[in-house]
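Asker: I have a structure I would like to understand better, so I am pasting it below and will then ask my questions one at a time.
The values are calculated or read from the model by the stated rules, or taken from the named source; none is laboratory data. What you see is a predicted model, and the numbers here were worked out from it, not measured in a lab. Here the Cβ is made from the backbone with ideal geometry for all residues, glycine too, and neighbour counts use every protein chain on show.
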Amino acid sequence: MGGAMLAGWLRQGVDPADVIVVEPSGKSGIEGVRGVASPEAVPAAFQPDMVVLAVKPQMMDAALPPYARYKNAVFLSIAAGKTLGYFAGTLGESAAVVRAMPNTPAAVGRGMTVAVANGHVPAAGRALASALLAAVGEVAWIEDEAQMDAVTAVSGSGPAYVFLLAEALAQAGEAAGLPADLAARLARATVAGSGELLHRAADEAAVLRQNVTSPGGTTFAALQVLMAEDGLTPLLTRAVAAAADRSRQLAG
């Protein structure tokens, strides 16, 4: 995810000379961008406006402390479950921290990121965070950090639900008599194409659904199953609730 974000920033015109990537290998993986093997190897003269923390949550305890020396930087974290309070505990109560939750479509510039800032982030820091996050997709801000668990459950984990839909649709097509390769191709193209239509259309999802549903037709018959009391909506509601509960457990 960090690499995808960096690639997006460079496409938007960020000067590679203004970036240092800390990576155990000592390599940034991107031509023109300097890499170092540890935060201690960052030159003392390098004083970043923003420190982007793109490490796995379970690695944060070990990775974070050396960066506390950047007193004037804004810290942008994309680590799931790590709260603003967590960062204050290591970086100091006055540290400026933005907590963000992107999702994997950021890799193709179509991500959805939701961010929340603590009270120490200046307007310029928030604007910089918005600009960096917008390089890989849409950005929304919330004021209540408690909403981040639901954000994680809907958009952070959401791509997996869509991929599962493509899997399930392919399996259903095969069960209906299609060859496996054709069923998979139809499902993949249908999910991807419908997503692009939803992205481009001004209409709400419900209107688009209604537009392809003729009364008494084939789509109507399928939706009678999917929209039943025990259909897709209550199933997804339970799934999102389970993901949100797990997010709260990880943060605790």
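Asker: Is it the case, given these coordinates, that residue 82 is surrounded by 14 or more Cβ atoms within 10 Å (Cβ to Cβ), among the basic types (Lys, Arg) and outside any strand (DSSP E or B)?
Answerer: Answer is yes for this residue.
Asker: Related question: I want to confirm something. Restricting to the range 69-78 and keeping residues that are buried (at least 21 other Cβ atoms within 10 Å of the Cβ) and of a type in the set (A, V, I, L, M, F, W, C), which single residue is nearest to residue 1 (Cα to Cα)?
Answerer: My answer is 78.
Asker: Within the set of pairs 6 or more residues apart or between chains, which connect a residue that is more than 11 Å from residue 136 (Cβ to Cβ) inside the range 1-18 to a residue that is at pLDDT 85 or above with Cβ atoms less than 6 Å apart?
Answerer: 16/32; 16/33
Asker: Let me ask something else about it. Go through the range 227-250 residue by residue and tally those that are part of a helix (DSSP H, G or I) and either of a type outside the set (Gly, Ala, Ser) or assigned by TED's automatic domain parsing to the domain that holds residue 86 (or both).
Answerer: Here the count works out to 13.
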